Amino acid sequence: MISFLIWNLRGISNTPTISRLHKLVKIHKVCLVVFLEPMVEAMQVENFKLKLGFDKALSNVNSKVWVMWKDNIKVSVVRDFEQCLAVKYKHSELEGDFIFTATYAKCSRVERRVLWRNLSELCNMGYPCIIGGDFNIVCFANERLGGNPIDFGAAGDLNDCVLECGLMDLDCTGSQFTWKKPNCKMWQRLDRVLCSQDWLSKFQVIKLSHLNRENSDHSPLVVQFGDEQRNGGCFSFQRMWISHHDFLRVVQSVWDCSMVGDLFQIFSSKLNKLKKELIRWNKEAFGQIDEKVIQAEAQLLDTESRMEIEDSEEAVEAVESARHQLNRILDQEELFWRQRAKVKWLKEGDRNSNFFHVMANHRRRKAKIHRIQNAEGNWVTTQEDIMDEGVRFFQHQFTGNLVNFDFNLVHRLIPGLVNEEMNNMIVQRPSENEIFDVIKDMDVDSAPGPDGFGGHFY
């Protein structure tokens, strides 16, 4: 996981702030930090870089924004403005370049309009981007508690910028508010992290934490992102498999196997055998769907180039074949991400693979449990501790001493409404036609059962 720290610390030169920074960098394994309002001259940035154990540092044009980073990340300045400093960064664990913009907005609505224009320019540079810092304005009324009503015009300027740039606001853990007015009961969310959809789609795990406001009236923000370490996944039937010409043969080969037992045992055994066969077959027939798309696009480009040179019927047929193959794989890719996104309201037909990819990653991040409170009231954060606590909780819930209970009391207080004839009808085995009707009425996009086979398979 990669960690960035963003903090409007309102002065970096006091000892308690330096001490806390050391702890935050160590605890969260921070590789890049942003300091807003350091309140010292820009020439001091190198001294504080050494004090905090970072390898490189720079300041923006008016010394309101400082950025420091470790050697495992390469940073170069893209734009240097009064209200923001944009850098291109490349991490040793990441593929490609990204833009990170550290923001310290002016207090005046008029002056902030320059910032919104700057952010719009940066977001249109074609790189996945993330923007974080003190925006000095809230987005919505519920992001302020106490004080006067918000300036909806100024909030609208920020929302318009977010919408125009196609940015998304990261969900956070910790306090809803990031700033408290000193000696006054007024809280606001002035600090936030925004990111583009293509930046979101790059990572399986993204976590934004609002930490406590000790040593400043602003909360430090820690944003962590990377790929999830997974210990193998559960089987899940993929809708895209059905589009393959060899799919029915694979199912038929398993279903033709003879097995011993009653009907339900045979059915369950065949499903288990089919799981293993589909997993093996998927690697051969599909492999990594993203790589298949890249290969198909390259094949189409190659055949088009040959057609320009040869100009023969064989070359034209090769182009059409490559185009057909690409469209088939693109359809499979869309089915793959549509199933993971679980979006049912979007019409089928148009390809929306990027949208489904973003939604699938968003669902995964929302479902991720980052911390859990144990029975003693302490928070545990490692995956092993979270899993152990979950097991302990449900073991406690479902075990205990037997309680003597007079079940005759239930019969006396609750009248019997089901007679013998009705009960026999309920417990009798359903007919084949009834089973067939139920299967046909299943939602094809319904969540799969414990066996991993959803409605579309049946």
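Using a cut-off of under 14 Å, list every residue of segment 1-18 whose amide N is near the label point 7 Å from the Cα of K26 along the Cα-to-beta-carbon line. Under 14 Å, as judged by backbone N against the label point of K26, lie 18 of segment 1-18.
Protein heavy-atom accessible surface, 1.4 Å probe, per residue over segment 1-113: 46 Å². Taking each of K51/K106; K49/K207; K26/K74 in turn, the alpha-carbon distance tops 23 angstrom for K51/K106; K49/K207. In plain terms, the chain from E313 to S269 could stretch by 10.7 nm, reckoned as 0.36 nm per residue minus the Cα-Cα distance.
Only Lys, Arg, Asp and Glu carry charge here, each on its Cβ (+1 for the first two, -1 for the last two); on that basis the chain has a dipole of about 2380 debye about its Cα centre.
To put it simply, the accessible area of the chain at a 1.4 Å probe is 53 percent carbon and sulfur. Applying 1/(1 + (r/R0)^6) with r as the Cβ-Cβ distance of R429 and F398 and R0 = 45 angstrom yields a FRET efficiency of 0.90. The distance linking segment 402-458 with segment 243-304 is 32 Å (Cα centroid to Cα centroid, whole angstrom). How big is the antiparallel share of DSSP beta bridges in the chain, given as a percent to the nearest 5? The antiparallel fraction comes to roughly 75 percent. Computed from these coordinates, which is Cα extents along the principal axes in Å: (i) 60, 58, 41; (ii) 88, 84, 42; (iii) 114, 64, 41? Read-out from the structure maps to (ii). Listed by chain and number, the lysines placed with their C-alpha closer than 28 angstrom to that of K283 are K202, K270, K273, K275, K292, K342, K344, K368; residues fewer than eight positions away on the same chain are left out. Given R0 = 60 Å, the distance between the Cβ atoms of R328 and K56 translates into a calculated FRET efficiency of 0.80. Probing with 1.4 Å while keeping every protein chain in the model, the per residue accessible area of segment 237-304 equals 63 Å².
This model, with +1 at the C-beta of Lys and Arg and -1 at the C-beta of Asp and Glu, gives segment 82-137 a dipole about its Cα centre of some 320 debye. Of all DSSP-defined beta bridges confined to segment 145-211, some 65% are antiparallel rather than parallel. Within the same chain, aspartates and glutamates fewer than 8 places from K70 are excluded, and of the rest, those with a Cα less than 20 Å from its Cα are E46, D55, E93, E95, D97. Taken as Cα centroids, segment 130-147 and segment 18-37 sit 23 Å apart, rounded to the nearest whole angstrom. Taking 0.36 nm per residue of separation and subtracting the Cα-Cα distance, full extension of the segment from Q295 to R213 would add 24.5 nm. I want to make sure I understand the PRE zone here: with the label point 7 angstrom from the Cα of D385 toward its beta carbon, which residues in segment 20-48 have backbone N atoms less than 14 Å away? The answer is 27-28, whose backbone nitrogens lie closer than 14 Å to the label point. Protection proxy ranking of 318-324, 56-62, by the mean of other Cβ atoms within 10 Å over each peptide's residues and highest first, is 56-62, 318-324. Positive-end ranking of G455, L52, V205 along the dipole of the chain, with charges on Cβ about the Cα centre, is headed by L52. When peptides 16-29, 193-206, 72-85 are ranked by their average number of other Cβ atoms within 10 Å per residue, the highest-first order is 193-206, 72-85, 16-29.
Subtracting the Cα-Cα distance of M422 and V77 from 0.36 nm times their residue separation leaves 116.5 nm of extension gain.
Packing, as the average of other Cβ atoms within 10 Å across residues, places the peptides 103-115, 372-384, 215-227 in the order 215-227, 103-115, 372-384, highest first. Think of segment 27-138 as a dipole: +1 on every Lys or Arg Cβ, -1 on every Asp or Glu Cβ, centred on the Cα centre; then among C107, P128, S92, C107 lies furthest on the positive end. What percent does the relative contact order of the chain come to when contacts are Cα pairs within less than 8 Å and at least six residues apart? Answer for the chain is 10 percent.
Relative to one another, the C-alpha centroids of segment 179-221 and segment 61-92 are positioned 19 Å apart. On the beta carbon distance between M43 and D198, with R0 = 51 Å, the FRET formula returns roughly 0.85.
The values are calculated or read from the model by the stated rules, or taken from the named source; none is laboratory data. All values derive from a computational prediction rather than experimental measurement. Ideal geometry is used to build each Cβ from the backbone, glycine not excepted, and the neighbour counts take in all protein chains shown. When the accessible area is computed, the model is the full protein with side chains, heavy atoms only, and any ligands, DNA or RNA have been set aside. Shrake-Rupley method; radii C 1.70, N 1.55, O 1.52, S 1.80 Å.
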